[in-house]
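Below is one structure; the comments refer to it alone.
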Amino acid sequence: MTDPVIVEVTIAAPVADVWRALRDPDQIRRWHGWDYDGIEHEIAEIYVTGAKASENDLTLDTGAGRFELEPLTETTTRVTVTRAAPAGQDGWHGIYDEINEGWLSFTQQLRFYLERHSGEERRTLHVDHQVPIPEGEPWFSSEHQTGVLLGDFGLLTVAHGRTIVSTYGLDDEAFDRRAAHLQ
């Protein structure tokens, strides 16, 4: 039996670009998670030293999830993340899991990075509470998360008990203004 799909996203980027974004720590830093003192160690642990990668098969197994890339066209790639279901379960239906929710957030952040800000440096805001979802262009929605575009500079993700904002191109003053609104 194959592991159930927990995330499937189509990204408007060539498969080579998506693969590079999953394997190069400098690029991973531009989309994975949020800024904190241990992020470099986390990236190395998940995507480099702790991962099994096959460029031929376009798969990356992190131990906590398996990424599979499929080129749909020359400029679009399907990213599928699968993960073994809990013991005694056929799938994840009806089960809330922080790791699955993290993969959803991070895969959407990867999509935002590659489609809107490829190659750009990122700064993030992270708070341990949910903020009201602002007006904005919807980016994604699931049972436990909502992602909204903040103009062209950011992606706000409101998840169970947390809010993440990935920003690109903001100067210090603009970034600080955004951070003040989240506290």
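The values are calculated or read from the model by the stated rules, or taken from the named source; none is laboratory data. Note that the coordinates shown come from a computational prediction; the quantities given were computed from them, not determined experimentally. Every residue, glycine as well, gets a Cβ built from its backbone with ideal geometry; the counts of neighbours run over all protein chains shown.
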Which of the residues belonging to the range 2-56 are free of Cβ contacts under 8 Å to residues at least 60 places away in the same chain and among the aliphatic types (A, V, I, L, M)? Ala16, Ile28, Ile39, Ile43, Ala44, Ile46, Val48, Ala51, Ala53
For the range 143-162, state whether one or more residues are within 11 Å of Ser105 (Cα to Cα), under 13 Å from the mean Cα position of the chain (by Cα), touching a residue at least 60 places away in the same chain (Cβ under 8 Å) and in a strand (DSSP E or B). no
Checking the conditions here, which among Ile39, Ile28, Ile11, Ile6 is at pLDDT below 95 and not charged (D, E, K, R)? Ile6
Could you grab me the full set of residues in the range 1-39 that are more than 17 Å from Glu115 (Cα to Cα), more than 15 Å from the chain's Cα centre (by Cα) and not acidic (Asp, Glu)? Met1, Thr2, Pro4, Val5, Tyr36, Gly38
For the range 50-85, give me each residue that is on the phi > 0 side of the Ramachandran plot and at pLDDT 95 or above. Leu58
Step by step: first the residues of the range 136-174, then only those that are under 16 Å from Arg123 (Cβ atoms) and among the hydrophobic types (A, V, I, L, M, F, W, C), then the one that is surrounded by the fewest Cβ atoms within 10 Å (Cβ to Cβ). Which residue is that? Ala174
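Residues of the range 86-115 being at pLDDT below 90 and assigned to a helix (DSSP H, G or I), which ones? Walk me through how you get there before you give the answer.
First pass over the range 86-115, keeping only residues at pLDDT below 90: 86-101.
Selection gives Glu98, Ile99, Asn100, Glu101.
Looking only at the range 57-69, count how many residues are in contact (Cβ under 8 Å) with a residue 12 or more places away in the chain and not aliphatic (A, V, I, L, M).
Filtering the range 57-69 down to residues in contact (Cβ under 8 Å) with a residue 12 or more places away in the chain leaves 58, 60, 62-69.
Checking the rest, the ones that are also not aliphatic (A, V, I, L, M) come to 62-63, 65-68.
Number of matching residues: 6.
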Restricting the range 54-87 to residues that are of a type in the set (S, T, N, Q) and in contact with a helix residue (DSSP H, G or I) (Cβ under 7 Å, 6 or more places away or on another chain), which is farthest from Pro14 (Cα to Cα)? Thr62
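Can you tell me which residue among Ala44, Ala13 is assigned to a helix (DSSP H, G or I) and among the small types (Gly, Ala, Ser)? Steps first, answer last, please.
Numbers: Ala13 fails: assigned to a helix (DSSP H, G or I).
Result of the check over Ala44, Ala13: Ala44.
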Provide a single number: the residues in the range 34-71 that are touching a strand residue (DSSP E or B) at 6+ places or on another chain (Cβ under 8 Å) and either of a type in the set (Lys, Arg) or surrounded by 12 or more Cβ atoms within 10 Å (Cβ to Cβ) (or both). 17
